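Working notes, structure below.
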Amino acid sequence: PSDEIVEGDSVTLICSSDSNPPAKLDWFKGRTFVGSGRIYNISKISSDHSGEYKCKSRNEHGEKYSK
């Protein structure tokens, strides 16, 4: 399998958090919120989707971004 992503591909990003109480998961592209939940799907990827995506987990004890 190739690690290369080409235009038109579908991409699935998965975030997990082991926390108590369970964390709310949000997705960001740069500083822009793009979605919520454990899974973020991009279908028919294009250059418009280029950028750094991060998952933020948050509960009453605090928040943390993925690396």
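Going by what's in this entry, would Lys67 be described as exposed (fewer than 10 other Cβ atoms within 10 Å of the Cβ) and on the phi < 0 side of the Ramachandran plot? Outline the logic, then answer.
Details: exposed (fewer than 10 other Cβ atoms within 10 Å of the Cβ): yes; on the phi < 0 side of the Ramachandran plot: yes.
Criteria met by Lys67.
Could you look through region 2-36, keep only residues that are of a type in the set (Ser, Thr, Tyr) and assigned to a loop (DSSP other than H, G, I, E, B), and pick out the one that is surrounded by the fewest Cβ atoms within 10 Å (Cβ to Cβ)? Full working, then the answer.
Quick first cut of region 2-36, residues of a type in the set (Ser, Thr, Tyr) only: 2, 10, 12, 16-17, 19, 32, 36.
Still in the list and also assigned to a loop (DSSP other than H, G, I, E, B): 2, 10, 16-17, 19.
Working: Ser2: 5, Ser10: 10, Ser16: 11, Ser17: 16, Ser19: 15.
Ranking the qualifying residues of region 2-36, first place goes to Ser2.
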Might you let me know whether region 37-60 holds any residue that is loosely packed, with under 15 Cβ neighbours inside 10 Å, part of a loop (DSSP other than H, G, I, E, B), touching a Pro at 6+ places or on another chain (Cβ under 8 Å) and on the phi < 0 side of the Ramachandran plot?
yes
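Any read-out appearing in this document is the output of simple, stated calculations on the displayed coordinates, not a laboratory observation. Quantities reported herein were computed from a predicted structural model and do not represent experimental measurements. Don't worry about glycine lacking a Cβ; one is built from the backbone with ideal geometry, like all the others, and counts go over all protein chains shown.
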